[in-house]
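A.B. asks: A single structure is presented below for examination.
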């Protein structure tokens, strides 16, 4: 599982004292219409797309332990008089050209960052109208910045609903992240029939779904779901293999197996073997 701990120094590497040369330069920054910069008690949160959000630092301190710790070391206390040292600006190499603003770069598109701000600004728990990928990113951000547990719980509940509804979409997302354990959970949640038939509202064909997986996952996913290796079959028949596939055997080496599709139906009906193969996939043994 992933480690969400964060060093406060990592935050301060992304929080830098910068400001504007003049009003025109300030206007050139692309601010969200609902989060305009109005006073020095605000900090500027910037999405990966460059959209700026002005938010009061007290909101960050109240909802995020990581930000609360970072701001406790802030050199701008009391009247917070401007002191530009050797800081690096996100907009220019010469920070002395700017009056004070604090810029915090947060990984996430405009919608994810907007929901992150809404959640930490709210005094009550709010369930965001986000899709599976966006909800996952919000959970990552909230864990990284040690946001209030009640907020994280709402997001996790939202994630549970979305993964129940769209386990195939979850599997595709896991493949893009190359997170085998997440892939294991998605495969177990969808079950054998779900793997073949897709999500409830999914209109894609089976092979279209397979094409959406990260290419490095295609052979392991197909090999674990569609057939036994030929050497597992011992029924007295001399069957010819349908194809060969290479995959990681879990020992940092590549193994070649030949597969026969003759036993596909029997394999997919075996729930215990499905679960076992899912777990092996999560452990990178397939």
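A.B. asks: Which number in (1) farther than 17 Å from residue 139 by Cβ; (2) surrounded by 13 or more Cβ atoms within 10 Å (Cβ to Cβ) marks the one condition that residue 154 misses?
C.D. replies: Result: residue 154 passes all but (1).
A.B. asks: Which members of the stretch 29-72 meet the condition of being part of a strand (DSSP E or B) and either without any contact (Cβ under 8 Å) to a residue 12 or more places away in the chain or within 16 Å of residue 103 (Cβ to Cβ) (or both)?
C.D. replies: Within the stretch 29-72, 31, 42, 43, 44, 45, 46, 52, 53, 54, 55, 56 qualify.
A.B. asks: Still on this structure, please answer the following. When you scan the stretch 9-16, do you find a residue that is closer than 19 Å to residue 69 by Cβ, crowded, with 17+ Cβ neighbours inside 10 Å and at pLDDT 90 or above, even just one?
C.D. replies: no
A.B. asks: For the list (1) over 26 Å from residue 285 (Cβ atoms); (2) surrounded by 13 or more Cβ atoms within 10 Å (Cβ to Cβ); (3) out of contact with any strand residue (DSSP E or B) (no Cβ under 9 Å at 6 or more places or on another chain), I need the number of the one condition that residue 146 fails.
C.D. replies: So residue 146 meets the others, but not (3).
A.B. asks: Considering only residues that are in contact with a helix residue (DSSP H, G or I) (Cβ under 7 Å, 6 or more places away or on another chain) and in a loop (DSSP other than H, G, I, E, B), look in the stretch 91-130 and name the one that is modelled with the lowest pLDDT.
C.D. replies: Result: 125.
The values are calculated or read from the model by the stated rules, or taken from the named source; none is laboratory data. The structure presented is a predicted model; accordingly, all values stated were derived computationally and were not measured. Using ideal geometry, Cβ is built from the backbone for each residue, glycine included, and neighbour counts are taken over all protein chains shown.
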